[in-house]
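The values are calculated or read from the model by the stated rules, or taken from the named source; none is laboratory data. Bear in mind that the values here come from a model prediction, so they are computed numbers and not experimental data. No Cβ is skipped: glycine too gets one built from the backbone with ideal geometry, and neighbour counts run over all protein chains shown.
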Amino acid sequence: MLDTTTTTPPDATRVPTRRPAPSPAHSPWTAERIEQLRNCVTSGLSCSQIAAEIGVTRNAVIGKIHRLGLSPGRPAAPACSCPPRARPPRSSPQRQFLRLMFTQAPNVAGAEAAPAAVESMQRCSLLDLAPGECRWPVGDPCKADFAYCGNRAVAGFSYCAGHAQMAYRAPARRRA
C-alpha cells in the first residue's frame, strides 16, 4: 500500500526542461518555400501577402526574411549629398543657470573657489519646509538643533543660490 499523506504534489518536483530544436524534417521552410519567399520579397509583396501565398504565419515570414538577410522590398532612403547641419547643443534651464552662477562667482586660477557664504538662513524643521524653500541640511542630524536652510530656493533647484553653488560643481571645460 502507498501512503498518500506524505507524497509531494507533482508540480513541486518538476524540473523545467528545454524543448528540443525542431528538426529540419519538421520545418515549414522547404527549399521550394524559401525560393517562393525570395521571389515574393523581390517582387515587393508585403509580409502578410507573402504569408497568405506561402501558407505560413506573417511572423514566420518576417523571421525567415531576417534570418536570410533579405530586404523586405522597401527602397532604401536616398543618400543626402549635403552634410548634416551642425546643431547647437541643447542646454536645460538648470544647466544655463549653473553656468551663469559659476561665471559670476570669483574664480581663483588653479585653485578651488572658497564656498560662497549663505547670506541669511531661515532655519526650519523638515515638517516646516514648504515648496520652494532651500533643503540644505544645517548641523548634525543626530543633535536637537538640526534644521534646514529654509531660504527661497532657485526655481528648478532644491537649494538657494548660495547652497546651489556649494552643491553643484562647475561644468568642466571640454578639450579640443
Any hit, the range 160-168, residues being modelled with pLDDT of 85 or more, more than 28 Å from S92 (Cβ to Cβ) and crowded, with 16+ Cβ neighbours inside 10 Å: no
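Mind telling me which of the residues R87, R19, R67 ends up being farther than 30 Å from R152 by Cα, assigned to a loop (DSSP other than H, G, I, E, B), at pLDDT 65 or above and among the basic types (K, R)?
Residue meeting the stated conditions: R87.
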P78 vs. criteria within 31 Å of the chain's Cα centre (by Cα) and modelled with pLDDT under 70: yes
Residue pairs meeting the criteria (Cβ under 7 Å; at least 6 apart or on separate chains; first closer than 13 Å to W29 by Cα, in the range 41-62; second modelled with pLDDT under 90 and exposed (fewer than 13 other Cβ atoms within 10 Å of the Cβ)): V56/P28; A60/P28
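Which residue out of G139, G156 is farther than 27 Å from Q96 by Cα and surrounded by fewer than 20 Cβ atoms within 10 Å (Cβ to Cβ)?
Working: G156 fails: farther than 27 Å from Q96 by Cα.
After applying the criteria, what remains is G139.
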